Amino acid sequence: MSNISSRRRNYLLTPHRRDGLIEWMKSMLMHSFVLDALDTTGADTFSHFEVLIDEHRKMTDQYLDDISQNNKSTFVPSRLKQLVPQVGTFYTRLPLRKAFEAYNLKYGITSRRHICISFNEIRHILNLAQIIAMTDMYKGGSQLGLLPPLVPNGNIGGGGGGVAHHEKKEGETDDQAIRAWTSMTVTPRREVDDKSDGSQYSGDTTPEERSRAMCDRSESIAIEEAFSLLPDRTALPGPKLICFDGDQTLYSDGANFESNPRLAKYLFLLLKHGVTIAVVTAAGYEYQAAKYELRLSGLLAYFKEKGLKGDDLERFYIFGGECNYLLRLGADYKLHAVKENGPGGWMNSTKHMSESPGNWSESEVKSVLDMAEASFNSSMEDQNMRARIIRKKRSVGLIPKADEKITREALDEAVLRIQSELDNSKINLPFCAFNGGRDAWVDVGNKRVGVQVLQSYLGVPPEESLHIGDQFLNTGNDFAARSVCPCVWITSPEETSYILKSILRLAGVPLMAILNPVDYEDKKQVNGDKGNKGIEKKVDFDEMERRTSRLAMDVFTGEMIPLQRAASRDV
Ligand code: IMP
Ligand code: MG
């Protein structure tokens with residue numbers, strides 16, 4: 001036993017592909033389910049989670065305050081910390097009961113007899129609670145006490161403190177408001193826009209739901225033409241900075257952001273409402289802007305087509321290589337490197353952070369990369385992987401040979417091995433060793449540093465930042481962001497779309513914009529349409545050429561390779 005590290009012992013005791021908090025919540029809810037009491041005790045269990053989280057937040061804040069004021073303080077773990085040792089920081093409180101009640105109202109999970117609440121359902125409820133918390137729905141309500149329950153037949157909030165939720169429209173009853181809210185949030189399973197025939201709205205739906213479904217369908221038609229006609233925008237009552245992972249969050253693993261008008265539309269609307277957006281991705285191609293542009297081609301083309309301008313445009317960033325290369329969108333719809341050094345340079349202005357790339361020593365960077373390369377080589381050999389290693393300036397990758405696939409277990413083993421070696425070394429640089437799904441990487445730097453640099457550089461506090469990603473297990477690379485801001489854990493770009501739609505709606509942004517006939521005529525003139533044929537779209541020849549080009553970029557290396565080979569990688 002003596003040569004087994006404590007990290008390895010912990011993995012032997014705690015399976016690594018688990019999220020401690022969600023697993024614990026699941027086990028708590030399992031008791032009620034087995035006793036057939038989820039219907040009566042489910043909401044109270046979520047209230048109990050809230051109490052424990054509030055207590056944990058309070059104790060953590062107190063401890064940090066004491067330390068910052070040099071007061072003598074001993075760390076006393078909260079009850080939650082004792083129950084879930086892996087639990088981290090909560091930057092906002094989480095209205096879990098409210099989120100659970102809304103979710104249950106929609107999916108009837110407590111009336112199930114055979115299937116207990118699942119991991120994914122708890123993940124959805126946590127996501128929902130997080131975005132409700134951030135869209136400030138409880139402004140005026142008690143920040144510390146329990147939120148009043150959402151009663152299916154009546155009052156939202158049940159009095160006591162002017163609780164605001166879904167923007168209640170004039171003449172709308174509380175009951176209608178609840179239904180509207182539950183129909184617009186939660187998960188994409190019954191996402192209205194996902195079906196054009198509205199078939200999910202048959203039978204058991206109310207007239208309001210049906211008309212809302214029709215509104216949502218016409219939304220997709222009207223909104224396309226109505227962006228420039230949005231009413232005066234106000235700052236979004238929600239997150240001010242949203243960081244997105246790239247692969248599997250904005251586009252499928254290894255693919256590019258090509259055509260996803262719905263997701264592009266929500267990103268566009270967020271920018272129009274003053275939100276700063278940053279793609280914080282492990283993919284690193286130094287400052288070769290064209291390579292990032294290629295990966296975001298559909299999104300940038302969408303911004304151009306919709307005429308995104310000025311500040312709105314300049315609030316779009318990409319942080320490549322986790323936290324190594326910062327680029328920003330310019331008026332030409334291209335990405336430009338943000339100055340690193342000198343006055344106003346991003347590295348320069350974040351040097352106060354010990355982990356900032358501006359403070360790294362090149363010799364330490366080299367040591368990390370050397371260790372990673374050696375470790376990946378031995379993992380590859382021990383596990384007979386059909387793989388190869390690539391080394392970049394700030395990362396080392398273990399990637400499958402053409403037409404091969406590396407198993408999840410082999411990638412996890414390689415990742416946990418190098419994590420343990422780096423943890424036990426004298427190296428002080430932040431790093432990220434992760435399983436990317438098809439490959440494994442060690443990057444110098446991580447998303448904790450990426451998000452923190454952005455917060456500091458842009459002046460956004462942690463509780464007003466949000467990171468959305470797909471890799472929150474401890475072998476994933478979004479995991480690192482957890483310690484510096486609230487996070488939303490999604491599993492696909494469709495879920496990302498749904499989350500953004502919910503944020504926009506909960507924040508009161510009109511997704512359904514009505515065309516003003518005068519503006520509509522003006523717009524037609526701008527587009528050169530004098531007749532009655534509707535709005536003509538200009539053909540973007542550059543984009544067409546790019547899409548039909550015979551070369552494609554290898555997402556691992558950033559090299560341009562023949563299309564055939566690139567496609568075969570995309571397993
Ligand atoms: P993310 O999900 O957007 O953070 O991207 C992760 C994926 O980017 C990895 O799984 C790799 O396939 C790809 N990638 C390309 N270059 C790099 C690199 O330098 N470091 C890590 N990942 C990279
Ligand atoms: Mg990802």
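The values are calculated or read from the model by the stated rules, or taken from the named source; none is laboratory data. Source: prediction; values computed, not measured. All Cβ positions, even for glycine, are placed from backbone atoms using ideal geometry, and neighbour counts span all protein chains on display. With ligands, DNA and RNA removed, areas are computed over all heavy atoms of the protein, side chains included. Shrake-Rupley method; radii C 1.70, N 1.55, O 1.52, S 1.80 Å.
What the table shows:
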read-out: Scope segment 477-492; condition open to solvent by less than 10 Å² (accessible area, probe 1.4 Å) and either in contact with a strand residue (DSSP E or B) (Cβ under 6 Å, 6 or more places away or on another chain) or within 12 Å of ligand 2 (Cβ to nearest atom) (or both); matching residues; value: Asn477, Asp478, Ala481, Cys485, Pro486, Val488, Ile490
read-out: Search result, residues across segment 301-340 that are of a type in the set (Val, Ile, Thr) and either out of contact with any strand residue (DSSP E or B) (no Cβ under 8 Å at 6 or more places or on another chain) or in a strand (DSSP E or B) (or both); value: Ile318
read-out: Candidate set from segment 439-475 (those that are open to solvent by 10 Å² or more (accessible area, probe 1.4 Å) and within 12 Å of ligand 1 (Cβ to nearest atom)); member that is nearest to Asn348 (Cα to Cα); value: Trp441
read-out: Inter-residue pairs, beta-carbon under 7 Å, first part of a loop (DSSP other than H, G, I, E, B) and in segment 279-292, second more than 16 Å from ligand 2 (Cβ to nearest atom) and polar (S, T, N, Q), 6+ apart; value: Gly284/Asn324
read-out: Among residues of segment 331-355, those that are in contact with a helix residue (DSSP H, G or I) (Cβ under 7 Å, 6 or more places away or on another chain) and open to solvent by less than 10 Å² (accessible area, probe 1.4 Å), counted; value: 3
read-out: Residue list for segment 233-264, filter: hydrophobic (A, V, I, L, M, F, W, C) and buried (at least 19 other Cβ atoms within 10 Å of the Cβ); value: Leu236, Leu241, Ile242, Cys243, Phe244, Leu250, Phe257, Leu263, Ala264
read-out: Condition broken by Val415, with the remaining ones in (1) more than 16 Å from ligand 2 (Cβ to nearest atom); (2) within 30 Å of the chain's Cα centre (by Cα); (3) crowded, with 18+ Cβ neighbours inside 10 Å; (4) part of a helix (DSSP H, G or I) satisfied; value: (1)
read-out: For Lys106: the one exception among (1) at pLDDT below 95; (2) surrounded by fewer than 17 Cβ atoms within 10 Å (Cβ to Cβ); (3) closer than 26 Å to Ser492 by Cβ; value: (2)
read-out: Selection count where residues are open to solvent by 10 Å² or more (accessible area, probe 1.4 Å) and either within 19 Å of the chain's Cα centre (by Cα) or within 14 Å of ligand 1 (Cβ to nearest atom) (or both), scope segment 301-316; value: 1
